[in-house]
Amino acid sequence: MTNKPVLMQGNEACVEGAIVAGMRFYAGYPITPSTEIAEIAAEKLPKVGGKFIQMEDEIASMGAVIGASLAGLKSMTATSGPGFSLKQENIGYACLTEVPCVIVDVQRGGPSTGLPTLPAQGDVMQARWGTHGDHPIIVLSPSYVREVFDMTVRAFNLSEKYRTPVILLMDEVIGHMREKVILPDPSTVEVINRKKPDLSKITKYNPYEDVDGDGIPPMVNFGEGIPYHVTGLIHDVYGAPSTNPEVTFKLISRLMKKIENNLDDIIDYEKLYTEDAETVVISFGSTARSVARAVKLLRNDNVKIGALRLKTIWPFPKKAIDELPDSVKNIIVAEMNYGQIIETVEATSRGKFNVIGLNKFNGELISPDEVIDKVREVLNNA
């Protein structure tokens, strides 16, 4: 795995990253275009002492991942649009019970069964709002195969650090494409494990007590001799169900603030030629590859254009919008859907920019030429 160039698929890089991050349990149900993740995990996990299980459906897969994580194993599942929908109730359960886990969604065309073998980016809002109730979520989006490896590691690290589910939102292009990559020596990769109390000093354990004041309670694994209660009901610091308004307020507020107070650690994005840009194209995932090419070609024609690539989609990187220079007049939001993140961009812009969508939802990639055409259209209409 070290210093040797290999031709690697995005889905394969996901498994490699997960294992380096410490994944030792995978539960899933095969679904295009994520199936290779399950296949490769089934082959590789037993070799490192891990467990793989194919569940009877997507709902059970998410439940098994939660159970394994509670028992102390770093756990992951992978799916695509329809399966992602089925996982939502249990994702909400993991959010409320603060169970670390990673959910990979390799997006395909939809809705319903849709376009199983073709790319899309139509799960952006489902990733944020798929479950009911108020809760935070962390969603990462890679654009390159090597980045899949790195972001999978980061997904596990963020999940363990903040006791929360993390979604790796890929798309069919990134999942299935092959690129030359050089993976790092595993010993050089930063791996974060969940915060645990000193078991030798515990006289009373409250699984949801913010003992350190950072909003993240230390976590004891099931089977370590300290019983505690886990429930999807609103609960107090002891884990007991409660309908007390004050308990509810404190719990939901803590869940939100443990993410809101750490945005600089969680949010990541990449700027390209934005310093003097008059138009900026915002994108993520595979679309960002076409945008980068288009921006470089337009720059060669002396068009003052830049790009903003969202590596973290949720929490939304409002800071990245605020940092855009005063020279920017137009923002083009390029995404393979009917327009899912554009309203968030508009709200964040607060009327400062002219925000235009470049949307494609027919199962085809947004090409560099289409980005160039849209930029020229916007500039001609200015």
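The values are calculated or read from the model by the stated rules, or taken from the named source; none is laboratory data. Since this is a predicted model, take the numbers as computed values, not measurements. When we count neighbours, we look across all protein chains shown, and the Cβ atoms used for this are built from the backbone with ideal geometry, even at glycine. Calculation scope for accessible area: heavy atoms of the full protein, side chains included, ligands and nucleic acids excluded. Shrake-Rupley method; radii C 1.70, N 1.55, O 1.52, S 1.80 Å.
Hey, can you tell me all the residues within the range 34-55 that are open to solvent by 40 Å² or more (accessible area, probe 1.4 Å) and either over 13 Å from MET76 (Cα atoms) or modelled with pLDDT under 95 (or both)?
Correct list: GLU36, GLU39, GLU43, LYS44, PRO46, LYS47, VAL48, GLY49.
With respect to GLU58, determine if the residue is over 14 Å from SER69 (Cα atoms) and either open to solvent by 20 Å² or more (accessible area, probe 1.4 Å) or free of Cβ contacts under 8 Å to residues at least 24 places away in the same chain (or both).
Judged against the criteria, GLU58 is not a match.
Quick check on the range 36-68: of everything there that is part of a helix (DSSP H, G or I) and among the charged types (D, E, K, R), which residue is farthest from the chain's Cα centre (by Cα)?
LYS47
Exactly one condition in (1) aliphatic (A, V, I, L, M); (2) closer than 15 Å to SER61 by Cα; (3) crowded, with 20+ Cβ neighbours inside 10 Å is false for VAL20; which is it?
The one condition VAL20 does not meet is (2).
Suppose we keep only residues that are assigned to a helix (DSSP H, G or I) and under 16 Å from the mean Cα position of the chain (by Cα) within the range 88-122. Which one would you say is surrounded by the most Cβ atoms within 10 Å (Cβ to Cβ)?
By that ranking, first place goes to ALA94.
Contact list please: Cβ distance under 8 Å, first residue in the range 1-24 and more than 19 Å from SER286 (Cβ to Cβ) and touching a residue at least 24 places away in the same chain (Cβ under 8 Å), second residue assigned to a strand (DSSP E or B) and among the small types (Gly, Ala, Ser), pairs at least six apart or on different chains.
MET23/SER75; ARG24/SER75
How about the range 69-87: which of its residues are assigned to a helix (DSSP H, G or I), touching a Phe, Trp or Tyr at 6+ places or on another chain (Cβ under 9 Å) and open to solvent by less than 10 Å² (accessible area, probe 1.4 Å)?
Matches in the range 69-87: SER69, GLY83.
Of the conditions (1) out of contact with any Ser or Thr (no Cβ under 6 Å at 6 or more places or on another chain); (2) not in a loop (DSSP other than H, G, I, E, B), ILE313 clears all except one; give me its number.
Condition not satisfied by ILE313: (1).
Looking only at the range 132-145, filter to residues that are open to solvent by 20 Å² or more (accessible area, probe 1.4 Å) and touching a helix residue (DSSP H, G or I) at 6+ places or on another chain (Cβ under 7 Å); which one of those is nearest to ASN359 (Cα to Cα)?
Checked the range 132-145; the qualifying residue nearest to ASN359 (Cα to Cα) is HIS132.
Could you pull out the residue among GLU36, GLU89 that is in contact with a Cys (Cβ under 9 Å, 6 or more places away or on another chain) and of a type in the set (Asp, Glu)?
That would be GLU36, the only listed residue that is in contact with a Cys (Cβ under 9 Å, 6 or more places away or on another chain) and of a type in the set (Asp, Glu).
With respect to the numbered conditions (1) farther than 20 Å from LEU310 by Cα; (2) surrounded by fewer than 17 Cβ atoms within 10 Å (Cβ to Cβ); (3) at pLDDT 95 or above; (4) not polar (S, T, N, Q), which one is the sole condition not fulfilled by VAL378?
It fails just one condition, (2).
Filter the range 315-362 for residues that are open to solvent by 10 Å² or more (accessible area, probe 1.4 Å), in contact with a Gly (Cβ under 6 Å, 6 or more places away or on another chain) and not aliphatic (A, V, I, L, M) and give the result.
Result: GLY339, GLY357, ASN359.
Give the residues of the range 146-162 that are among the basic types (Lys, Arg) and surrounded by fewer than 23 Cβ atoms within 10 Å (Cβ to Cβ), sorted by residue number.
Result: ARG146, LYS161.
Checking ALA292 against (1) open to solvent by less than 30 Å² (accessible area, probe 1.4 Å); (2) among the aliphatic types (A, V, I, L, M); (3) closer than 30 Å to TYR228 by Cβ: exactly one of these is not met. Which one?
With respect to (1) open to solvent by less than 30 Å² (accessible area, probe 1.4 Å); (2) among the aliphatic types (A, V, I, L, M); (3) closer than 30 Å to TYR228 by Cβ, ALA292 is out only on (3).
Test MET177 against the stated conditions and say whether it is more than 30 Å from LEU7 (Cα to Cα) and either in contact with a Phe, Trp or Tyr (Cβ under 9 Å, 6 or more places away or on another chain) or modelled with pLDDT of 95 or more (or both).
The answer is no for MET177.
List every residue pair whose Cβ atoms sit under 6 Å apart, with the two residues 6 or more apart in sequence or on different chains, where the first one lies in the range 275-290 and is more than 14 Å from GLY357 (Cβ to Cβ) and the second, anywhere, is part of a helix (DSSP H, G or I) and open to solvent by 10 Å² or more (accessible area, probe 1.4 Å).
Short answer, once both residue conditions are applied: SER286/VAL173; SER290/PRO368.
What are the pairs with Cβ atoms under 6 angstrom where one residue, in the range 306-334, is among the aromatic types (Phe, Trp, Tyr) and the other, located anywhere, is open to solvent by 20 Å² or more (accessible area, probe 1.4 Å)? Sequence gap at least six, or different chains.
Note: pairs meeting the criteria are TRP314/ARG128; PHE316/THR344.
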